[in-house]
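Accompanying notes for the structure given below.
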Amino acid sequence: ASVMPSVRDVLGSVDPDLPPIELNTFEQRISSSLALPRVRFVLLCTLAGVACVLTLFGVFGVLASAVAQRTTELGVRRAFGAQRGEVVYRVLLQGLFLSAWGSAIGFLLFLAASRTLGGFLFQIQPLDLGTMITVACVLVSAALGASYAPARRAATVDPARVLRGE
């Protein structure tokens with residue numbers, strides 16, 4: 001970089017009619033050649049993060065709605081002796097079921113779009129089984145985490161209030 005002004009001066013003294021020459025260091029050339037892949041990577045990561053957050057809110061909303069609809073059933077179960085842990089287990093099992101189905105459908109959609117998405121990946125094959133299993137496990141774990149709040153709410157249902165219709 002320190003030699004560039006001297007090179008420009010020498011080239012200008014040889015032929016003053018030459019247009020200005022763009023001189024870059026090797027690092028600058030590499031950085032500019034990687035600019036588009038970096039933008040794609042940041043965009044893909046941002047969209048993936050937004051998708052994960054929306055998924056968590058969606059799972060939470062669906063399970064909260066399902067628990068609200070099943071309040072009478074859960075209250076009757078509690079009235080007949082179901083422990084809080086059993087109610088939490090049932091609601092978490094429902095969340096696991098939904099997230100497993102969602103992961104299976106997402107896996108099939110990914111298989112359909114893997115060639116298109118392959119251009120965005122760096123040093124990962126589009127059908128890398130380890131990556132797909134890791135992502136599915138992370139999403140199912142996150143969905144179970146989002147299921148926990150509705151499950152705890154379901155466990156605190158007062159059987160007497162439910163049976164009175166409140």
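The table below lists the values:
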{"quantity": "Among residues of segment 58-72, those that are surrounded by 14 or more Cβ atoms within 10 Å (Cβ to Cβ) and assigned to a helix (DSSP H, G or I), counted", "calculated": "9"}
{"quantity": "Failed criterion for S2 (all others in (1) assigned to a helix (DSSP H, G or I); (2) modelled with pLDDT under 85; (3) open to solvent by 90 Å² or more (accessible area, probe 1.4 Å) hold)", "calculated": "(1)"}
{"quantity": "Selection count where residues are surrounded by 15 or more Cβ atoms within 10 Å (Cβ to Cβ) and in contact (Cβ under 8 Å) with a residue 12 or more places away in the chain, scope segment 115-149", "calculated": "11"}
{"quantity": "V53 vs. criteria closer than 22 Å to G119 by Cα, out of contact with any Lys or Arg (no Cβ under 8 Å at 6 or more places or on another chain) and assigned to a helix (DSSP H, G or I)", "calculated": "no"}
{"quantity": "G75 being open to solvent by less than 50 Å² (accessible area, probe 1.4 Å) and closer than 16 Å to A48 by Cα", "calculated": "no"}
{"quantity": "Looking only at segment 10-57, and only at residues there that are of a type in the set (D, E, K, R) and open to solvent by 80 Å² or more (accessible area, probe 1.4 Å), the one that is nearest to S99 (Cα to Cα)", "calculated": "R40"}
{"quantity": "F80 aromatic (F, W, Y) and closer than 16 Å to R152 by Cα", "calculated": "no"}
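The values are calculated or read from the model by the stated rules, or taken from the named source; none is laboratory data. Everything numeric here is computed off the predicted structure, so don't read it as measured data. Note that we place each Cβ from the backbone using ideal geometry, even for glycine, and neighbour counts take in every protein chain shown. Note: areas computed on protein heavy atoms with side chains; ligands, DNA, RNA excluded. Shrake-Rupley method; radii C 1.70, N 1.55, O 1.52, S 1.80 Å.
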